[in-house]
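Asker: Handing you this structure, nothing more for now.
The values are calculated or read from the model by the stated rules, or taken from the named source; none is laboratory data. Bear in mind that the values here come from a model prediction, so they are computed numbers and not experimental data. Glycine also receives a Cβ, built like all others from the backbone with ideal geometry; neighbour counts cover every protein chain displayed. What goes into the accessible areas is simple: the full protein's heavy atoms, side chains included, and nothing from ligands, DNA or RNA. Shrake-Rupley method; radii C 1.70, N 1.55, O 1.52, S 1.80 Å.
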Amino acid sequence: MKKIILFWAFFFFLNQYCSAQLTGIKTIPGDYPTVAAAVNDLNLQGVGAGGVTFRITAGYTELITSPIKITATGTAPDPIVFERWGAGADPLIKRTDAGTLATSIDGGAGDAVIRIEGTDFLTFSGIDVSTTSQGIEYGYLTHKPDGTDGCHHVTIKNSTITMTKGTSPYVYGIYIGNGTVSTSSATGVTVTAASGINSGIIITGNTIQNVFKGIVMQGASDAGFYDSDFTVGQAGEGNTIRNFGGSVLNAETYGIYMLYVNNPTVTYNVIDNAGGGGTGQVYGIWAIWFATVSGDVVCNNNSINVSVTFAPFVFSQARYIAVTSPVNSITCQDNVFSAGTMSSRGNVYIIYFVDNAANIIVSGNTTGGTISKTSADGNFYCYFHDLTIPGSEDIHDNNFSNISLAGISAFYGIYSYISSNPGVQHIVNAHNNTISNITGVSSGNKCGIYISGITHSSVYRNNINSITGHGAVYGMQVSAGQGNKSYIYSNDVHNLSSDTWTEQVIGIYLPTGQVYYVYNNFVSGLNATAGQDINAVVGLFLGGGDTLHVYYNTVFLNAASSSATTFGTSGLFRGTSSPSCVELRNNIIVNISTPGPTG
């Protein structure tokens with residue numbers, strides 16, 4: 001009789017936990033004592049009709065010494081959900097061991113708190129994770145078991161991910177990977193079918209902290225099989241990434257990084273490495289970097305605050321938003337950029353694009369507070385585009401202001417040029433931008449808007465003012481490419497000055513090009529307090545081109561005499577490269593500056 005009772009008891013246990021796919025609502029603790037136990041049963045039984053939701057009681061803490069690994073998969077009608085339940089603190093899954101995999105490269109096989117193995121239609125909502133050792137590389141990790149089994153429609157939201165980065169450059173908050181099993185390689189599997197890509201990944205409302213890299217998404221490089229359609233942040237559900245980076249020489253750190261991804265969207269995130277701590281000695285900081293992506297890139301409404309102390313004698317750089325691969329389009333709108341003190345010895349780029357888009361829209365972006373670059377080397381670019389492919393740029397309603405520079409740093413507010421392939425057909429429209437209050441003791445040249453070699457450019461209704469420094473200062477410099485036209489009109493350029501005796505201050509500078517139409521611009525308040533050039537200050541500098549049509553412009557100069565005897569000024573100057581034809585009509589040019597004795 002005792003054996004019969006034990007048999008039926010065991011049968012009842014099997015029937016309850018091991019005999020049917022999981023459906024409905026399960027509680028933890030309750031139906032399962034731990035998350036690990038629930039996942040083990042899920043992997044064994046699978047998911048039934050309507051899916052399964054695991055409700056984890058608020059305030060619950062689970063300590064683990066190996067990853068919680070999910071191998072079961074859901075479907076659209078039968079999803080898998082792990083969610084916080086009830087009032088109180090988020091449930092916490094904390095890994096307390098030092099790990100077993102010693103990663104030696106970015107994205108190599110490493111230890112994780114939550115490991116997702118080729119799972120589809122899975123959601124984690126309000127489930128916090130943490131670690132106690134830098135030997136645990138990943139908070140949440142997705143993994144491809146093979147080249148036909150990626151993760152689809154996985155959502156990680158409303159979680160706090162607190163890692164222990166220590167001195168390791170390989171600690172990530174969330175890593176969407178390509179299935180590497182090597183601790184020394186991030187290459188991973190060769191994807192051979194659409195089912196092998198990661199797609200439809202949504203990461204929203206999370207706080208990620210004490211990491212070297214925040215969110216990294218790396219697909220396969222196999223042609224036609226990039227990962228696809230990733231969403232990082234949404235309106236009202238942006239991620240906060242803080243305290244990232246660390247004291248690792250020659251390492252690169254990222255807030256958000258995407259590699260081999262098609263159609264990525266990054267919006268409404270807060271990337272705060274200043275207010276959130278984490279300044280360190282690194283080679284470079286990329287707050288948001290789209291390294292090798294394709295399709296349409298959207299990067300809007302993010303707030304980025306980067307303040308970094310770089311290692312002495314290490315040439316380093318900082319980029320707030322970077323796209324460095326050919327894509328169909330880029331939308332970069334309504335982002336806010338700020339910083340405390342930056343000691344980068346290399347270049348600083350707020351928006352950095354290279355070789356990459358048929359169509360670009362950059363609008364409504366602003367710099368907040370004062371950004372101070374204190375190191376001696378490197379230039380500062382608010383918007384930078386080095387292009388070699390045809391397309392168009394619409395750069396409008398941006399406000400790049402309140403930037404202080406030291407050392408030999410040059411400054412460019414908007415910088416777009418063709419570095420190679422001069423015959424490429426490209427259109428740039430730069431309008432309604434404000435570039436102002438650029439100050440400091442740097443000796444490099446400073447230019448509000450710089451456009452070079454573009455097929456067709458229209459630069460209009462921009463306000464460029466209050467730029468000072470030791471080097472040459474230009475309100476704007478525009479040079480049209482061979483056989484091309486530039487339209488420059490209705491710009492307000494004022495209050496530019498330099499205190500260097502060898503350099504010029506120029507309102508609008510047209511060095512070379514073909515056909516220019518320059519009209520309805522207003523230039524005033526230019527000064528070169530130590531200038532010795534006979535044209536130390538020039539309102540309109542017509543340096544070259546085939547035909548220049550200059551109509552209805554107003555130039556007002558009232559520059560004080562510098563200490564140089566040769567100091568001189570020109571309201572309008574036709575340069576030595578001698579444009580073939582200059583047509584002047586209805587301009588008002590007033591120059592009451594005081595020249596030097598022989599100026």
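Asker: If you line up the long axis of helix 2-17 against the longest principal axis of the chain, both from Cα atoms, how many degrees apart are they, to the nearest 10?
Answerer: Between helix and principal axis, roughly 20 degrees.
Asker: For the pair Thr96 and Glu583, how long in nm is the line joining their label points, each one 7 Å along Cα→Cβ?
Answerer: 8.3
Asker: Let me ask something additional. Note the angle between two axes, namely the Cα long axis of helix 35-45 and the longest principal axis of the Cα atoms of the chain, as a number of degrees from 0 to 90, rounded to the nearest 10.
Answerer: The answer is roughly 70 degrees.
Asker: Still on this model: Please work out how much length the chain gains when fully extended from Thr598 to Ala58, using 0.36 nm per residue of separation minus the C-alpha to C-alpha distance, in nm with one decimal.
Answerer: Stretched fully, the Thr598-Ala58 segment lengthens by 186.2 nm.
Asker: Sequence gap at least 6, Cα distance under 8 Å: using those rules, report the relative contact order of the range 83-172 to the nearest whole percent.
Answerer: In percent, rounded to a whole number, it is 33.
Asker: Also, I was wondering about something else. Once you place label points 7 Å from the Cα toward the Cβ at Thr388 and Val441, how far apart are they in nm?
Answerer: Here the answer is 4.0 nm between the modelled labels.
Asker: Which of rounded, prolate or oblate describes the range 469-599 when judged by the alpha-carbon gyration tensor and an a/c cut-off of 1.5?
Answerer: Cα axes put the range 469-599 in the prolate bin.
Asker: Just report the Cα centroid separation between the range 289-306 and the range 59-90, whole Å.
Answerer: 29
Asker: While we're looking at this one, here's another question. Heavy atoms of the protein only, probe of 1.4 Å, neighbouring chains included. What is the accessible area of Arg585 in Å², nearest 10?
Answerer: 130
Asker: Same structure, new question: Can you give the accessible area of Ser580, probe radius 1.4 Å, in Å² rounded to 10?
Answerer: That residue has around 90 Å² of solvent-accessible surface.
Asker: Moving to a separate point now. Report the dimensions of the chain along its three principal axes from the alpha-carbon atoms, largest first, rounded to Å.
Answerer: So the extents along the principal axes, rounded to whole Å, are 121, 42, 41.
Asker: Go through Ser479, Ile174, Ala322 and say which Cα lies farthest out towards the positive end of the charge dipole of the chain; charges sit on Cβ, +1 for Lys and Arg, -1 for Asp and Glu.
Answerer: Working it through, the farthest residue towards the positive pole turns out to be Ile174.
Asker: Would you mind working out the magnitude of the charge dipole of the chain relative to its Cα centre, with +1 at each Lys and Arg C-beta and -1 at each Asp and Glu C-beta, to the nearest 20 Debye?
Answerer: Its charge dipole is roughly 660 debye.
Asker: What number of lysine-lysine pairs in the chain show an alpha-carbon separation below 17 angstrom, given a sequence spacing of 8 or more or placement on distinct chains?
Answerer: Final tally of qualifying lysine pairs is 5.
Asker: Can you pull the Rg over Rh of the range 99-166, Cα-only, Kirkwood?
Answerer: 0.98
Asker: Classify the range 327-422 from the C-alpha gyration tensor, please: rounded if a/c falls under 1.5, else prolate or oblate depending on whether a/b exceeds b/c.
Answerer: oblate
Asker: With a 1.4 Å probe and all protein chains kept in place, how do Asp227, Asp222 rank by accessible area, largest first?
Answerer: Asp222, Asp227
Asker: Something else now. Please turn the phi angles of the range 535-549 into ³J(HN,Hα) values with the Karplus equation 6.51 cos²θ - 1.76 cosθ + 1.60 (θ = phi - 60°), one per residue in order, whole Hz, x for glycine and proline.
Answerer: 10, 5, 10, 9, x, 10, 10, 9, x, x, x, 8, 9, 10, 9
Asker: With every protein chain left in place and a probe of 1.4 Å, what is the accessible surface of Thr190, to the nearest 10 Å²?
Answerer: Rounded to the nearest 10, that gives 90 Å².
Asker: A follow-up question, please. In the range 93-113, which residues have a backbone nitrogen under 20 Å from the label point lying 7 Å from Thr183's Cα in the Cα-to-Cβ direction?
Answerer: Zone members listed by number: 95-113.
Asker: Here's another thing I want to ask about it. Could you state the principal axis extents of the C-alpha atoms in the range 513-552, from the largest down, to the nearest angstrom?
Answerer: Ordered largest first, the range 513-552 gives principal extents of 34, 20, 11 Å.
Asker: State the antiparallel share, in %, of DSSP beta bridges confined to the range 33-93, rounding to the nearest 5.
Answerer: Of the beta bridges lying entirely in the range 33-93, close to 0 percent run antiparallel.
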